[in-house]
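Report on the structure given below.
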Amino acid sequence: MTTPDYHIDDTSKLLSPSMIVFREQLERNLDGIIEIAGSADRLRPHCKTHKMAEVTKIELARGITKHKAATFAEAEMLADAGVKDILLAYSLVGPNLPRAVAFRQKYPDVTFIVTADDFENLKRLSETMVDAGTDINVLLDVDCGQHRTGVVSSEQAMERYRQIDELPGLIAAGFHVYDGHQHQVAYEDRKAAVREEFEKVLAMRDEIESRDGLKVPRLVCGGTGSFPVYAEYVDPTIELSPGTIVFGDASYTENFPDLKFPAAAVLLTRVISKPEGNRITLDLGYKAVASDPPAGKRAFFPELPDAKQVLQNEEHLVLETDRADDYQVGDELIAIPWHVCPTTALHAWVYVVENGNVTGEWEVTSRNRKITI
Ligand SMILES: Cc1ncc(COP(=O)(O)O)c(C=O)c1O
């Protein structure tokens, strides 16, 4: 593993706080993901981590043609970047139902897939599609123990899949198998837990196909922690959908030590004050780095690994460190976000660094919830 030193030749004109993508590291991470998957066509990465057309195009160039999204803006970003197979892994309700029609009309050559679990809502989706004279692929969302969405593998889940198949305007397109709760640090423990749930899904798939004669053409499986487990199965219908690992972050570096993927997206921050004693205050409030990790753990500072994060407001992060005297107002630090996905969404654009030089800026294309649809 080559860990970047996050060196930039000239930072004098770089705004802070800002996000910086180290392109070589991003490409190394993508190559590592493809290596674990076995081939690019087994992947369906989740774009919610980067939300950027430029990253999507780099993935496409590597042969990653299937992609996953959580919002219509992400789906639209993917389609505009040239993706022809898009899964919007989110139940469509309310005004999002007609947005699906608009998406189908704007991108008729894109295979568009959504997830669903609730029968009444499936009927509304079906009516919306029939009224518009179109159809949509639907994955049955299977609850593998996270208890966030989905139907637990069971007779009821099989019944729901049959209903998807029978409702007009809906195409039964497979199962969505996301297990974001599997956070065992030791890979073998994680693997055992993931396999235990997945075996139930496979049994359900086999029964639906043999007993009911229905097709389950795809199983979209996992996130960063679990996709290596699914990758071990030899089954052409399995698609692997990690998200975070494309950029990597401090949380997954700590929690998934088997995945040696250094962060490709970091934050540039500057000291704006030295209030007293051993404190330094950075321009890294929770409008620049996600606040969903617990206070005190919003980012990791490679140059100050022992610094304590004692206070954070919208625009300020106060560190306590024995090395406070080494820093003056205006000095720079690199911060690795604890949770990169919601951090990216706080930034309208990122700097891109290649070979130590800033070579451009990439728009965080689907940062907003709506592009045109
Ligand atoms: C439905 C779904 N699929 C895939 C992922 C990607 O998981 P990870 O971020 O662990 O790579 C997520 C993450 O939130 C998700 O919600």
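The values are calculated or read from the model by the stated rules, or taken from the named source; none is laboratory data. Quantities reported herein were computed from a predicted structural model and do not represent experimental measurements. Using ideal geometry, Cβ is built from the backbone for each residue, glycine included, and neighbour counts are taken over all protein chains shown.
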The one condition Thr281 fails out of (1) in contact (Cβ under 8 Å) with a residue 40 or more places away in the chain; (2) over 27 Å from Val185 (Cβ atoms); (3) among the β-branched types (Val, Ile, Thr) is (1)
Of the residues in segment 67-83, those that are more than 15 Å from the ligand (Cβ to nearest atom) and not in a helix (DSSP H, G or I) come to Gly82, Val83
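Yes/no per residue for (1) surrounded by fewer than 19 Cβ atoms within 10 Å (Cβ to Cβ); (2) acidic (Asp, Glu); (3) at pLDDT below 95; (4) within 22 Å of Ile373 (Cβ to Cβ):
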| site | (1), (2), (3), (4) |
| --- | --- |
| Met19 | no, no, no, no |
| Phe22 | no, no, no, no |
| Arg42 | no, no, no, no |
| Met52 | no, no, no, yes |
| Thr56 | no, no, no, yes |
| Thr65 | yes, no, no, yes |
| Phe72 | no, no, no, yes |
| Ala75 | no, no, no, yes |
How many residues of segment 65-122 are in contact (Cβ under 8 Å) with a residue 40 or more places away in the chain, closer than 19 Å to Ile171 by Cα and of a type in the set (Phe, Trp, Tyr)? The answer is 2
Notebook entry, point to check: Would a scan of segment 227-241 turn up a residue that is farther than 21 Å from Leu30 by Cα and surrounded by 15 or more Cβ atoms within 10 Å (Cβ to Cβ)?
Noted result: yes
Selection from segment 79-95 of residues aliphatic (A, V, I, L, M) and either within 20 Å of Pro217 (Cβ to Cβ) or in contact with a Gly (Cβ under 8 Å, 6 or more places away or on another chain) (or both) yields Val83, Ile86, Leu87, Leu88, Ala89
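If I filter segment 3-23 for residues that are in a helix (DSSP H, G or I) and either over 21 Å from Leu219 (Cα atoms) or within 16 Å of the ligand (Cβ to nearest atom) (or both), do I get at least one hit? Please lay out each step first, then the result.
Our first condition is that a residue be in a helix (DSSP H, G or I); within segment 3-23, this holds for 23.
Those still in the list that are either over 21 Å from Leu219 (Cα atoms) or within 16 Å of the ligand (Cβ to nearest atom) (or both) too: 23.
Looking through segment 3-23, at least one residue is in a helix (DSSP H, G or I) and either over 21 Å from Leu219 (Cα atoms) or within 16 Å of the ligand (Cβ to nearest atom) (or both).
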When segment 201-224 is checked residue by residue, the ones that are within 16 Å of the ligand (Cβ to nearest atom) and outside any strand (DSSP E or B) are Val201, Arg218, Gly222, Gly223, Thr224
Exactly one of Gln163, Gln146, Gln184 is over 25 Å from Lys66 (Cα atoms) and within 16 Å of the ligand (Cβ to nearest atom), and that one is Gln184
Arg148 fails exactly one of (1) within 20 Å of Gly222 (Cβ to Cβ); (2) touching a Pro at 6+ places or on another chain (Cβ under 8 Å), namely (2)
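Considering every residue within segment 298-305, establish whether at least one is free of Cβ contacts under 8 Å to residues at least 24 places away in the same chain, in contact with a strand residue (DSSP E or B) (Cβ under 7 Å, 6 or more places away or on another chain), of a type outside the set (Lys, Arg) and on the phi < 0 side of the Ramachandran plot. Show your work before the answer.
The first filter runs over segment 298-305 and keeps only residues free of Cβ contacts under 8 Å to residues at least 24 places away in the same chain, leaving 305.
Checking the rest, the ones that are also in contact with a strand residue (DSSP E or B) (Cβ under 7 Å, 6 or more places away or on another chain) come to none.
For segment 298-305, residues free of Cβ contacts under 8 Å to residues at least 24 places away in the same chain, in contact with a strand residue (DSSP E or B) (Cβ under 7 Å, 6 or more places away or on another chain), of a type outside the set (Lys, Arg) and on the phi < 0 side of the Ramachandran plot: absent.
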Note on segment 24-66: residues charged (D, E, K, R), within 16 Å of the ligand (Cβ to nearest atom) and assigned to a helix (DSSP H, G or I) are Arg42, Lys48, Glu59
A careful count of residues in segment 285-297 that are in contact with a Leu (Cβ under 9 Å, 6 or more places away or on another chain) and either without any contact (Cβ under 8 Å) to a residue 24 or more places away in the chain or within 21 Å of Tyr327 (Cβ to Cβ) (or both) gives 4
Okay, strands (runs of 3 or more DSSP E) sitting entirely in segment 84-200 with 1 or more residues that are in contact with an Asp or Glu (Cβ under 6 Å, 6 or more places away or on another chain), within 27 Å of Asp41 (Cα to Cα) and at pLDDT 95 or above, I get 111-116, 136-143, 170-178
